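These notes concern the structure reproduced below.
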Amino acid sequence: MKKYLSMMMAGMMTISLLAGCGSPKNETKSAEPAVAATEETKGETAAEGEKKDVTLWYYWETEKHQTVLNNLIKEFNSSQDNIEVKAEYIPFADFKKRLSIGVAAQDLGDIVIIDGPDHASYASMGIFADLTDKLGDWDGLAQYYEGPLNSCKLDDKLYGIPFGSNCLALYYNEDMLKAAGCSVPTTWDELKDVAAKTTKDGVTGLGISAPQNEEGTFQFMPWLWSTGASSFEINGEGGVKALTLIQDLVKAGSMNKEIINWTQGDVMNQFISGNLAMMINGPWQVPTMREQAPDLKWNVALIPKDADYATVLGGENFGIINGERVDESLEFIKFATDPERIKTYINEFGYISGRKDVAETQFTDDQIMKTFADAMQYAKPRGPHENWPKISDALSMALAETITETSDAKTAADKAQSTIDGLVK
């Protein structure tokens, strides 16, 4: 019965997604397999002596990250004779839809690298395998920071393993700020002033990523939290103030309206091309920027504050689909999260390791990455809530309506709050 309910809700979710309604609420917390084994799939099990195929889904868009991931997979595949892992790239904008539709179509990968705040929502549908008992005696578990590890949990059961953590900070072009006679901004008023003074000669003062999806919400949360507002409160004084800040920057020409179409990778490309004086972005861009723009003079600082400094906890987790390849998938994840192996690749991602024994060895001689690590003291998680995808959708919609001036900040905030209130009660 639980499995029937899980599949029925997945089908309803698919219809809603295709109608453009976002991810609906799902009350089912069944741990039954999201993809049931059929006679056909059973027949596809690898014959004795053959490698079993394991497919990993991910959404990293930069060539650098894809290369490092592929090298890790090649290393694993050559280390043993039983499992063959293959990676499949799915664009971030399509990732949740593909995952949700895959449930109903029984067409999913075996491992997913998933955004932390989405983990609980999909675990509640029974998509991910419960790893609590399988990892009960794994000594590596004790090494993970509480926050990242909790993002893999639902009802005290473990449905994944953290990959790495990150946060956002302010990148700035040192030459452009110097030419404008500006210091690095630390407050919202200073940010507006510096953004205005550096907007000239085809250069825009500040760039952020603000599409109507989780990426947009991710970039908006530090502004909301800096006012003292919570993740679930946008129509109060703080939330309206945060939306108004973004709208004012766009109206002044200090930010481009095209930010509603820019991914974080797009923002980085605008910055290294000399089209932005400042941007909000994460440490995962650092390796690519150093490689592609070695002569660019730039640095990072904390995101300018209103009442308090704030940034957002980001990062991904490994989740294993509750299907036929749980043990094989777990073997790869244990390989990938071995502390000595993590040290060989985690810096290439620009991530802070979720493992304490690795994180403590990072960035001893890298001031830029150390700034991101220091900013983690101000980082908060999105949610966490099993309905976070719909809450996030409401927040990013309010941001988009404010940027495009479809609504004023208060009207957009009130509309979003009405949706959020119905989800958190």
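Bear in mind that the values in this text are calculations on the coordinates, not laboratory data. Model, not experiment: these values are computed from the prediction. Please note: Cβ atoms are built from the backbone with ideal geometry, for glycine as well, and neighbour counts cover all protein chains shown.
One table, with the values for the structure above:
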{"read-out": "Kirkwood hydrodynamic radius of segment 341-422, from inverse mean 1/r over distinct Cα pairs, in Å", "value": "15.7"}
{"read-out": "For the chain, calculated [θ]222 nm from helices alone, where every DSSP H run of n ≥ 4 adds -39500 (n - 2.57)", "value": "-13500 deg cm²/dmol"}
{"read-out": "Alpha-carbon spread of segment 269-425, three principal axes, descending order, Å", "value": "51, 49, 28"}
{"read-out": "Formal net charge of residues neighbouring residue 241 (Cβ-Cβ distance under 11 Å; K, R +1; D, E -1)", "value": "-2"}
{"read-out": "Charge tally in the Cβ shell below 13 Å around residue 302, where Lys, Arg are +1 and Asp, Glu are -1, residue 302 excluded", "value": "-2"}
{"read-out": "Relative contact order [Cα under 8 Å, 6+ residues apart], segment 48-203, whole percent", "value": "18"}
{"read-out": "Long pairs among 370/390; 297/410; 96/343; 97/157; 51/356, criterion Cα-Cα beyond 28 Å", "value": "370/390; 297/410; 96/343; 51/356"}
{"read-out": "Which of 231, 262, 202, positive extreme of dipole for segment 168-313 (C-beta unit charges)", "value": "202"}
{"read-out": "Alpha carbon convex hull of segment 115-163, projected area averaged over orientations, nm²", "value": "3.3"}
{"read-out": "Gyration tensor over alpha-carbon atoms, the chain, equivalent ellipsoid semi-axes in Å", "value": "37, 26, 18"}
{"read-out": "Taking only Cα atoms of segment 130-269, radius of gyration then Dmax in Å", "value": "19.5, 61"}
{"read-out": "Span per principal axis, largest first, for the Cα atoms of segment 261-335 (Å)", "value": "50, 36, 26"}
{"read-out": "Charged-residue dipole, Cβ positions (Lys, Arg, Asp, Glu), segment 235-392 about Cα centre, Debye nearest 20", "value": "500"}
{"read-out": "Mean separation of Cα contacts under 8 Å, 6 or more apart, over the residue count of segment 200-272: relative contact order %", "value": "45"}
{"read-out": "From phi via Karplus (6.51, -1.76, 1.60), per-residue ³J(HN,Hα) for segment 263-279 in Hz, x at Gly/Pro", "value": "7, 5, x, 4, 4, 4, 5, 5, 5, 6, 7, x, 8, 10, 7, 9, 8"}
{"read-out": "Range of Cα positions in segment 64-198 per principal axis (Å), largest first", "value": "61, 36, 36"}
{"read-out": "Separation between Cα centres of segment 350-416 and segment 91-120, rounded to whole Å", "value": "20"}
{"read-out": "Nearest-20 debye value, the chain charge dipole, Cβ charges on Lys, Arg, Asp, Glu", "value": "920"}
{"read-out": "Amide hydrogen neighbours beyond the local backbone of residue 144, cut-off 5 Å, H modeled", "value": "356"}
